[in-house]
Amino acid sequence: MHVVNISRQSASRQLRQATTEPAAVRWLLVAVALAFVGVFLVLPLVAVAAQALKAGLGAFGAAILDPDTLAAVRLTLLTAAIAVPLNVVFGVAAAWAIARFEFTGRSLLITLIDLPFAVSPVIAGLIYVLLFGMQGWLGPWLADHDVAIIFAVPGIVLATIFVTFPFVARELIPLMRAQGPEEEQASVVLGASGWQTFRYVTLPNVKWGLLYGVIILNARAMGEFGAVSVVSGHIRGLTNTIPLHVEILYNEYQTTAAFAVASILTLLGLVTLVAKTIADRKRAQSLVPLAALAEDPAHSAPPHLDLAGHALQARSAGAALGTPAQEAWA
């Protein structure tokens with residue numbers, strides 16, 4: 001027994017030596033990481049704040065309260081208020097369909113969801129110009145009916161929706177696949193309707209992942225530049241979002257005003273980072289009960305997972321009824 005303990009200690013020591021870097025290497029890696037973060041993240045934030053306040057608080061406040069700036073803020077918020085809910089509805093529906101069902105065109109749907117990641121935002125804007133512009137396919141018909149899409153708010157909203165619609169779906173698809181369909185199947189067999197299953201089982205399981213996707217989606221919607229720049233027309237006070245207004249101010253050599261308005265986006269980025277960190281932590285914590293249930297069925301589940309213990313019963317009951325749970329959802 002003593003010889004076995006010695007051999008185990010020797011093997012453990014060799015494993016630590018093989019997987020642990022020397023202290024000098026660890027400190028060097030930490031220093032490089034901190035230097036990278038300082039130069040590429042912290043320093044730009046400090047530069048934006050310093051330039052924004054360079055001319056004093058009076059100039060900063062005047063730039064923020066300028067009518068064109070306020071119009072850009074309102075348009076940005078309006079665009080996000082339309083694009084975010086629509087993409088949340090699409091993302092949840094697409095994720096549920098892809099993760100829970102097999103159907104014709106499933107692979108095509110997944111490919112289309114990833115399309116905005118593969119297409120440049122500028123190209124996305126040009127697509128809408130080719131469709132709805134005066135020289136586009138639908139442009140003459142829209143002009144005859146006094147409908148303005150390009151160089152107007154609808155075009156900005158459409159371009160923002162296009163570049164942001166993958167975020168929620170791509171966040172929820174792997175999460176719902178990892179959780180599996182057992183709890184939904186159990187709820188259906190126990191008498192729940194499709195809406196009750198979604199509200200009391202599916203949504204609580206994915207709520208932190210959904211919040212994580214919404215945060216990233218909202219940040220991208222408010223900060224989108226390329227596609228919006230193509231379809232907006234850069235009309236001051238009408239079709240300029242915050243990023244476009246910053247570009248105009250900077251091109252006109254109004255440096256203080258440009259950085260003052262840019263500080264709004266910087267603040268948004270910091271708030272998004274904090275919210276993203278909290279949501280990511282909550283999302284990781286929400287997966288712990290599922291892992292515990294998988295390892296130990298007797299492990300106590302939180303209230304919204306109280307159907308998990310009936311999963312095997314649901315499968316056998318569904319087979320006895322002759323009605324698969326997935327058909328009951330439909």
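The values are calculated or read from the model by the stated rules, or taken from the named source; none is laboratory data. Owing to the predicted nature of the structure, the values given are computational and were not obtained by experimental measurement. Glycine gets a Cβ as well: all are built from the backbone with ideal geometry, and neighbour counts include every protein chain shown.
Things to note:
- Pair list, Cβ < 6 Å and 6+ apart or interchain, from segment 252-279 residues that are within 22 Å of ASN240 (Cβ to Cβ) to residues that are basic (Lys, Arg): THR256/LYS54
- Residue within segment 190-210 that is under 18 Å from the mean Cα position of the chain (by Cα), of a type in the set (Val, Ile, Thr) and at pLDDT 85 or above present: yes
- Yes/no for VAL228 being farther than 19 Å from THR160 by Cα and either without any contact (Cβ under 8 Å) to a residue 40 or more places away in the chain or touching a Leu at 6+ places or on another chain (Cβ under 7 Å) (or both): no
- When the helices (runs of 4 or more DSSP H) confined to segment 164-241 are screened for residues that are farther than 12 Å from ALA95 by Cα and of a type outside the set (A, V, I, L, M, F, W, C), those reaching at least 2 such residues are found at 182-189, 194-197, 203-223, 226-232.
- Of all the residues in segment 93-118, those that are among the charged types (D, E, K, R) and either on the phi > 0 side of the Ramachandran plot or outside any loop (DSSP other than H, G, I, E, B) (or both) number 2.
- Subset of segment 111-140 that is among the β-branched types (Val, Ile, Thr) and touching a residue at least 60 places away in the same chain (Cβ under 8 Å) - its residue that is surrounded by the most Cβ atoms within 10 Å (Cβ to Cβ): VAL129
- Per the listing ILE150, ILE156, the residue uniquely modelled with pLDDT of 90 or more, within 17 Å of LEU217 (Cβ to Cβ), out of contact with any Pro (no Cβ under 6 Å at 6 or more places or on another chain) and among the β-branched types (Val, Ile, Thr) is ILE156.
- Test: residue in segment 14-30 that is surrounded by 12 or more Cβ atoms within 10 Å (Cβ to Cβ), modelled with pLDDT of 85 or more and assigned to a helix (DSSP H, G or I): yes
- Selection of first residues in segment 68-95 that are outside the structural domain of PRO204 (by TED's automatic domain parsing) and of second residues that are assigned to a helix (DSSP H, G or I), restricted to Cβ pairs under 7 Å at least 6 apart or on distinct chains, gives an empty result.
- Residue within segment 53-71 that is out of contact with any Asp or Glu (no Cβ under 8 Å at 6 or more places or on another chain), of a type in the set (Gly, Ala, Ser), part of a helix (DSSP H, G or I) and surrounded by fewer than 11 Cβ atoms within 10 Å (Cβ to Cβ) present: yes
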